[in-house]
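Input: a single structure, listed below in structure tokens.
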Amino acid sequence: MTSLLGWWRRHEKRSAPPPLPRPQPWDTTRETWWFRQPTAPGGHYRIKVVDDTDYAFATLDWRVCHSCRYGLIGRIRVTDRWQRQGYGRLMLHRAMRDLTHYTWMTTRQSPDGQQFFPAMRVATGAALEPAGALCPHMRTQARHSTGSAPWQQESRPNAVA
């Protein structure tokens, strides 16, 4: 009995555990991109990406003041299963499209955001630091929200370096 147990222990130590299955890339034909813009200057913009069950697995909220040339990334969320597949980057590039010359800041950053935004600083050239305050137009709009336009379907943004 002892020799069988000893053989098992020696054999078990040499055996490698089975490899973990590799995550499969998400099938982008099963996603739909939606965009909503504010009805007043300084209001909230929103992007959501939904799967074929209409679950919004990625969202981005942001505000822009064209008078002050200021953009504020409010909240970005990508569900765990879809993280590290470029959705945050694509949404951020979509938000900044045609406005790269604006000053872009963020709200307080989560631990994930503290890893994500430095990489996006390099990719976009924008500051993307936590903002100290809203511009006067955004502060006024925050007190007098007038809502948003209806959702509009968009095509998936092109990948940007």
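Observations
- Taking the criterion of being within 20 Å of A58 (Cα to Cα) and either surrounded by fewer than 19 Cβ atoms within 10 Å (Cβ to Cβ) or modelled with pLDDT under 90 (or both), the only residue of segment 90-104 that qualifies is R97.
- Just one of the listed residues (P25, P17) is more than 19 Å from the chain's Cα centre (by Cα) and either surrounded by fewer than 19 Cβ atoms within 10 Å (Cβ to Cβ) or modelled with pLDDT under 90 (or both), namely P17.
- Pairs are defined by a Cβ separation below 9 Å, a sequence spacing of at least 6 or placement on different chains, a first member in segment 45-74 that is surrounded by fewer than 19 Cβ atoms within 10 Å (Cβ to Cβ), and a second member that is of a type in the set (A, V, I, L, M) and in a loop (DSSP other than H, G, I, E, B); the pairs so defined are H66/L99; R69/L99.
- All conditions but one from (1) exposed (fewer than 15 other Cβ atoms within 10 Å of the Cβ); (2) farther than 20 Å from P41 by Cα apply to W82; the one that does not is (1).
- Enumerated helices (runs of 4 or more DSSP H) restricted to segment 54-161, each holding at least 2 residues that are out of contact with any Cys (no Cβ under 9 Å at 6 or more places or on another chain) and among the β-branched types (V, I, T): 111-124
The values are calculated or read from the model by the stated rules, or taken from the named source; none is laboratory data. Just so it is clear, the model here is predicted, and its values are computed rather than measured. Using ideal geometry, Cβ is built from the backbone for each residue, glycine included, and neighbour counts are taken over all protein chains shown.
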